Number of protein chains: 6
Amino acid sequence: MTSFRMAEMTWPDYHEALAQDPVILVPVGATEQHGPHLPLSVDVILPTAVCEGVAARGGYLVAPPLAYGYKSMPRSGGGQHFPGTTSLDAASLVAQVKDLTREFVRHGARGIAFIVGHTENLWHVSEGCDLAYRENARLAEGLRILNVGYWQFLPAETASAIFGTTQIDWDMEHAGIMETSMMLHLRPDLVHMERLVEHAPSRVPGYELWPYDIDAVPSDGVLNTAGAATAEKGKQFLDAYVRSLAAALGDAFK
Amino acid sequence: MTSFRMAEMTWPDYHEALAQDPVILVPVGATEQHGPHLPLSVDVILPTAVCEGVAARGGYLVAPPLAYGYKSMPRSGGGQHFPGTTSLDAASLVAQVKDLTREFVRHGARGIAFIVGHTENLWHVSEGCDLAYRENARLAEGLRILNVGYWQFLPAETASAIFGTTQIDWDMEHAGIMETSMMLHLRPDLVHMERLVEHAPSRVPGYELWPYDIDAVPSDGVLNTAGAATAEKGKQFLDAYVRSLAAALGDAFK
Amino acid sequence: MTSFRMAEMTWPDYHEALAQDPVILVPVGATEQHGPHLPLSVDVILPTAVCEGVAARGGYLVAPPLAYGYKSMPRSGGGQHFPGTTSLDAASLVAQVKDLTREFVRHGARGIAFIVGHTENLWHVSEGCDLAYRENARLAEGLRILNVGYWQFLPAETASAIFGTTQIDWDMEHAGIMETSMMLHLRPDLVHMERLVEHAPSRVPGYELWPYDIDAVPSDGVLNTAGAATAEKGKQFLDAYVRSLAAALGDAFK
Amino acid sequence: MTSFRMAEMTWPDYHEALAQDPVILVPVGATEQHGPHLPLSVDVILPTAVCEGVAARGGYLVAPPLAYGYKSMPRSGGGQHFPGTTSLDAASLVAQVKDLTREFVRHGARGIAFIVGHTENLWHVSEGCDLAYRENARLAEGLRILNVGYWQFLPAETASAIFGTTQIDWDMEHAGIMETSMMLHLRPDLVHMERLVEHAPSRVPGYELWPYDIDAVPSDGVLNTAGAATAEKGKQFLDAYVRSLAAALGDAFK
Amino acid sequence: MTSFRMAEMTWPDYHEALAQDPVILVPVGATEQHGPHLPLSVDVILPTAVCEGVAARGGYLVAPPLAYGYKSMPRSGGGQHFPGTTSLDAASLVAQVKDLTREFVRHGARGIAFIVGHTENLWHVSEGCDLAYRENARLAEGLRILNVGYWQFLPAETASAIFGTTQIDWDMEHAGIMETSMMLHLRPDLVHMERLVEHAPSRVPGYELWPYDIDAVPSDGVLNTAGAATAEKGKQFLDAYVRSLAAALGDAFK
Amino acid sequence: MTSFRMAEMTWPDYHEALAQDPVILVPVGATEQHGPHLPLSVDVILPTAVCEGVAARGGYLVAPPLAYGYKSMPRSGGGQHFPGTTSLDAASLVAQVKDLTREFVRHGARGIAFIVGHTENLWHVSEGCDLAYRENARLAEGLRILNVGYWQFLPAETASAIFGTTQIDWDMEHAGIMETSMMLHLRPDLVHMERLVEHAPSRVPGYELWPYDIDAVPSDGVLNTAGAATAEKGKQFLDAYVRSLAAALGDAFK
């Protein structure tokens, strides 16, 4: 057995793999608008690719990704008013995180990492992890659960090389240079650069308001310009994320 | 735009497609042991393939599948004691069905069909549909929601041709001839026929018991023999399902 | 103290009875339409009678039945559109199963069997049992919880004798020969054979649809003909169920 | 059709009865210790008898009683530490009240009264009614929902005649004169007067404490003396309750 | 460190104080109409003052009060139809009681007392305590949780001195003499005696009805007359409550 | 009536005030460790002061603050392992936001703003607002609900003047210069500057891990140095927040 994709493993393969005490990586994505040029599944494809990159180095398994995530916010994903954005209530996401943890613990896993691909998931996955740890800690000695947004581990040198700064406003990067570049690298067949319209970056207010002030969100759902995206940059991003996340996970689960 | 896979569409593509009033098909799978010869994702791969077959005929979109489903029962999936079987509590699955329905309704969809690939999902997806209909019926005139296990639409002639009978005990077909054949057709790279061990069909009792009587479940997780599976039969099954499900959906959403 | 009906026992009687380590049988019924000829409480009366028959043989107590069950489905009970059908959401039924289990465990019981009288209850009682076992297993060594539909234990010889076959489509038996016969035996005062209208068996589609296709359900709520029902057959059914269920429970709790 | 017991009616009978716009009475009981002399089902039997008495006067239907209620408190029922007391969490009871209301409203009912037989149910049935009204008020013009403990309508003259005062501490009446008398009238076969032990009334503190101070509760579960109970007084109680509750319901639903 | 108000303590102070094994008092209030003469926060101010009086004697800490409580009922608070009454659903209050208990237990506390200032809170705080005890008892040896309405501990001599009787109908005291007097003593700046209108005591029916019979509730929200209230009586009440509650808590947590 | 504090208003005063269509400000705080020098209630005191400052300008009412908030995270509050930090699960906070919104809407309010004083509350208050808007939008034309962390509106000139930069890492400001300064201005009696220990800023990892890596959090709970705090700066902060938040709210609710 050589794969690290849980979905492709038979149960005896999986059982055998667990005996090596791997960390199980769970990509937590979203089905969400990503502008006129990217498909709805960007937030599934990217963390899955990062997880697979990490797992290819050994010591990890990649569980099937969660394809639906928490609701999109105007400031970091454009908002729930876009067709195609298909989201869960917080409680639904929390429940899944709890259920998956309980199951992996039953299987014998002691290291579980939720690798988030959609900003808005973070706090609800965190609640799920906290409740899951509360429920399972006594049952599973040595249990460790981790929650991280993969983009939070961009190495300073990559940031500088591509953005010219290490101070990146990730909220604005929705469907921007980073995501578009990685998609050009991973799934160019799903990217439509010719549909990109250049416009000024979005300036959403510092508060959240219901009903949304839709006029404050660009009508194409792109918060920042993505014109400078290239497949080469995408590879740089992916390699950098894999490297730095592998290092961070190595620290956390050592 | 020619695709019917929601995951691959941009939001304007999806928005445009919805204007044709398609039915949205949601494959509802599971991550579950399927014997020594099949991968954990059989119940995701098969209903997704059926949905895509139906959608290729036009009038449908296929949403990203749910990769995790309700708990496996000894009588129809072997039970939760197998490593790899990674399941949700009923409430978690119900919540997702409600959330997805609410979202598709917001997008403007009026026909939504949950195409189940895992027996144990059926009653909980049903509860989700019932609650979703209760919540949304008043908001969305003409709304229709459907729940079906794809295997429930095997045409009599296909059943006779392959099984020699139309009285099939689907509970026993877990990781059996039908699923193995379809996997041989769709993903032969993930099938390990050489690992199959022939043994008598399982005889689980007519009740459910906690803790499980594990001795009543074959230790390899195969409830019935799969040795007669072939890729050719798999194609027959798939074609038959696509044809008959398309007809049934056509009736239901006409 | 000679009774086995918990409702009729004082608490010291019950306390004393528990010292013999009996299995507690909980009839799980429904308040549901049963055609023009049977009362709304058929699904309470029948499993209660079966439980009492089993308990009369010793080693069991019968708890007060749950009079309301899960929603009726078109294919096995006619559907929720009938007046009189008075049902619970899944979560409400699950919660009761959990609560009752917790209480019986606190009393000292180690064997609890939910004896279901209404098809649609089965999967939700199952979820309740699973959650109850998860919660209580560690607190109560030797705990066993069982879930069964009483009709699932019709002996082959009784089936052959009455139906002429052992392949019975129980979904179609709603308010049919079996239930009508047992009611004629147990509560003839509540049966109105003269109101029966003969019509062809219902042919509901293989899927579930919201809103219901009401035209697919017979307007009188009887899915199959009940004209051949007699009190004598009712006695045969009851005796057979008691005998075979007692045997099965004996196995499960031995 | 002349019955008022929903459980005994066919659905067409029930449907016809609803056309007269009756109020549906739902007895909400408990399975709870009632001393060494009374059975566990006192709190089901008594409110059901009162409901049937009221319904016999016309204009009402009696739904199947809820046999399990909220947890017993030391001060009004002795507490949850007695074997036999088999109780629900608040959320489970609330959920049932909501579900039943939703169903009766669907049937066309516009008047629903929950007639409580167990003190501790009152506040949770109240929450259920409040949520049910919030959910259904807009859907059902003229809807009225009522919550009452039947004992709260003892006429002053009956109180004076039997207790010698109109200031009755109902919390202390658990398994006392009133309940014992009514049981002697209604189900003398289930009463064991010879097992009664006279002791001073219980003096539970004004607060609730977990874990219980079990020493503050009489070990037989009788909070007050029941020795003066007679079947004749039981008839007086029942008649008085029926009369005064019928009057109160008449006011509330006029 | 000399304070007993948790809100005013630093965490090292609190940590040190916990080493003395104090009982943590949690005032559970409400934001609710209290007639034309009292502010919406009466039910927060009064139990907090009682708690602080008790705590000033040593051995207790006072946690920040819950400012919102369960819904007001017509019979004891006038009902939810008044503007300003701002209430929680039962489940929301229950959840807070559980969360706070879990946290205090984590801090090392073994005695926790919820001191209720609003009648309608009592049964829901009780459910919260019961669930919290179920969850935490095994984790925290010696844990004790208490629930009490502070007014339930009025000494007989104070009752006689002020009311001329020891039989007080507390349900009617909403915004009456007791609450008004205590507010005149504690926060005279928030009392408007000149706005009081004398009217006969309210006579709400013995049942609860939705929708409310608003005519049965005085339109000013005062169920009984408060004209005889004085600051001096308020001091008498407060002193009496502090004294008797301190004694009761001393008993319960000894 | 001149007050804007809901807690101090009678219900007729509140009723009258609502006729002017004010926005209701709800401070959402926390009971959380704030280092050795600040009390546990900093996150209640500060947003309440900001709200009162805004309300003093007219057009707003201030509701009683929520004194308990969501769990503290290592990266922005030090984590849940500190004694004194007393937190709610996400669902409990979400429920309160929903309940309060429902109530204010019933009172007639059409503008409601949750002013958060504790970073970790933001995403859960957001979920509460989203669910509350979903529930109430149809019932309350013109309803607007807002969620904001007060610190998110620090004007650039104040930031520059005090911090020497406009790029502030608010996560690190827990118990730092800003909060300490504001407390020195508002409640100097509760600040213990002499207990401050200078140490390097905390460097928590970019991921969340259960169990916490406690060594990564300073043992005193201060993530950044607070030594430069002064009451004068505190007044600057407060004035700046009031000014800029008033402007933002004016925009949002215009």
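Descriptive notes on the structure:
- Selection over segment C:129-170 of residues that are among the aromatic types (F, W, Y) and modelled with pLDDT under 95 gives a count of 3.
- Close contacts from segment F:228-254, counting a first residue that is over 24 Å from F:I177 (Cβ atoms) and a second that is assigned to a helix (DSSP H, G or I), with Cβ to Cβ under 9 Å and a gap of 6+ residues or different chains, come to F:L249/F:V54.
Matching residues to (1) hydroxyl-bearing (S, T, Y); (2) closer than 17 Å to D:I145 by Cβ:
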| residue | (1), (2) |
| --- | --- |
| D:P22 | no, yes |
| D:G29 | no, no |
| D:H34 | no, no |
| D:L38 | no, no |
| D:V54 | no, yes |
| D:R57 | no, no |
| D:Y60 | yes, yes |
| D:P64 | no, no |
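- For A:G108, the requirement of being surrounded by fewer than 24 Cβ atoms within 10 Å (Cβ to Cβ), farther than 14 Å from A:A175 by Cβ and at pLDDT 95 or above is met.
- Within segment A:173-183, restricting attention to residues that are crowded, with 22+ Cβ neighbours inside 10 Å and touching a Ser or Thr at 6+ places or on another chain (Cβ under 8 Å), the residue that is farthest from A:T119 (Cα to Cα) is A:S181.
- Lone unmet requirement of (1) more than 22 Å from A:S126 (Cβ to Cβ); (2) surrounded by 24 or more Cβ atoms within 10 Å (Cβ to Cβ) for A:L88: (1)
- Considering F:H124, F:H81, F:H107, the condition of being within 20 Å of E:T10 (Cα to Cα) and touching a helix residue (DSSP H, G or I) at 6+ places or on another chain (Cβ under 9 Å) is satisfied by F:H81 alone.
Residue-by-condition table, conditions (1) closer than 30 Å to D:L25 by Cα; (2) facing chain B (nearest Cβ under 10 Å); (3) surrounded by 23 or more Cβ atoms within 10 Å (Cβ to Cβ); (4) aromatic (F, W, Y):
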{"position": "C:V97", "(1), (2), (3), (4)": "yes, no, yes, no"}
{"position": "C:A113", "(1), (2), (3), (4)": "no, yes, yes, no"}
{"position": "C:G117", "(1), (2), (3), (4)": "yes, no, yes, no"}
{"position": "C:V125", "(1), (2), (3), (4)": "yes, yes, yes, no"}
{"position": "C:Y133", "(1), (2), (3), (4)": "no, yes, no, yes"}
{"position": "C:Q152", "(1), (2), (3), (4)": "no, yes, no, no"}
{"position": "C:E157", "(1), (2), (3), (4)": "no, no, no, no"}
{"position": "C:G164", "(1), (2), (3), (4)": "no, no, no, no"}
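- When A:E198, A:E232 are checked against the criterion of being more than 24 Å from the chain's Cα centre (by Cα) and exposed (fewer than 14 other Cβ atoms within 10 Å of the Cβ), a single residue qualifies: A:E198.
- Failed condition for A:K233, given (1) more than 14 Å from chain F (Cβ to nearest Cβ); (2) within 20 Å of A:T119 (Cβ to Cβ): (2)
- Residues located in segment C:159-181, provided they are of a type in the set (A, V, I, L, M) and assigned to a helix (DSSP H, G or I): C:A159, C:A161, C:I162, C:M172, C:I177, C:M178
- Residues in segment E:1-22 that are within 9 Å of another protein chain (Cβ to nearest Cβ), in a loop (DSSP other than H, G, I, E, B) and of a type outside the set (S, T, Y): E:M9 only.
- Number of residues in segment A:77-93 that are at the interface with another protein chain (Cβ under 7 Å from one of its Cβ atoms), in a helix (DSSP H, G or I) and either among the aliphatic types (A, V, I, L, M) or in contact (Cβ under 8 Å) with a residue 24 or more places away in the chain (or both): the value is 2.
- Residue among D:V222, D:V197 that alone is touching a residue at least 60 places away in the same chain (Cβ under 8 Å), outside any helix (DSSP H, G or I) and within 30 Å of E:N147 (Cβ to Cβ): D:V222
- Every residue from segment A:135-150 that is under 19 Å from A:Q96 (Cα atoms), surrounded by fewer than 17 Cβ atoms within 10 Å (Cβ to Cβ) and charged (D, E, K, R): A:E135
- Qualifying residue in segment C:13-21 (condition: among the hydrophobic types (A, V, I, L, M, F, W, C) and either farther than 26 Å from D:Q33 by Cβ or crowded, with 24+ Cβ neighbours inside 10 Å (or both)): no
Here's the yes/no breakdown for (1) in contact with a strand residue (DSSP E or B) (Cβ under 6 Å, 6 or more places away or on another chain); (2) of a type outside the set (G, A, S); (3) closer than 22 Å to F:K254 by Cβ:
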position	(1), (2), (3)
F:L46	no, yes, no
F:V50	no, yes, yes
F:R57	no, yes, yes
F:R75	no, yes, no
F:D89	no, yes, no
F:R106	no, yes, no
F:I112	yes, yes, yes
F:W123	no, yes, no
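- The set of residues in segment F:201-212 being more than 12 Å from every other protein chain (Cβ to nearest Cβ) and either more than 24 Å from the chain's Cα centre (by Cα) or more than 16 Å from F:G35 (Cβ to Cβ) (or both) consists of F:R203 alone.
- Among the residues making up segment B:200-219, a single one is assigned to a loop (DSSP other than H, G, I, E, B) and touching a strand residue (DSSP E or B) at 6+ places or on another chain (Cβ under 6 Å): B:Y207.
- Residue in segment C:135-145 that is within 9 Å of another protein chain (Cβ to nearest Cβ), touching a residue at least 40 places away in the same chain (Cβ under 8 Å) and not in a helix (DSSP H, G or I) present: yes
- Residue check for B:F237: of a type outside the set (D, E) and in contact with a helix residue (DSSP H, G or I) (Cβ under 8 Å, 6 or more places away or on another chain): yes
- As for segment B:57-73, it holds no residue that is at the interface with chain A (Cβ under 8 Å from one of its Cβ atoms), part of a helix (DSSP H, G or I) and touching a residue at least 12 places away in the same chain (Cβ under 8 Å).
- Residues (more than 7 Å from chain F (Cβ to nearest Cβ), crowded, with 24+ Cβ neighbours inside 10 Å and not acidic (D, E)) located in segment E:23-34: E:I24, E:L25, E:V26, E:P27, E:V28, E:G29, E:A30, E:H34
- Some residue of segment A:40-49 being of a type in the set (S, T, Y), more than 9 Å from chain B (Cβ to nearest Cβ), closer than 23 Å to F:L209 by Cβ and not in a helix (DSSP H, G or I): no
The values are calculated or read from the model by the stated rules, or taken from the named source; none is laboratory data. Owing to the predicted nature of the structure, the values given are computational and were not obtained by experimental measurement. Please note: Cβ atoms are built from the backbone with ideal geometry, for glycine as well, and neighbour counts cover all protein chains shown.
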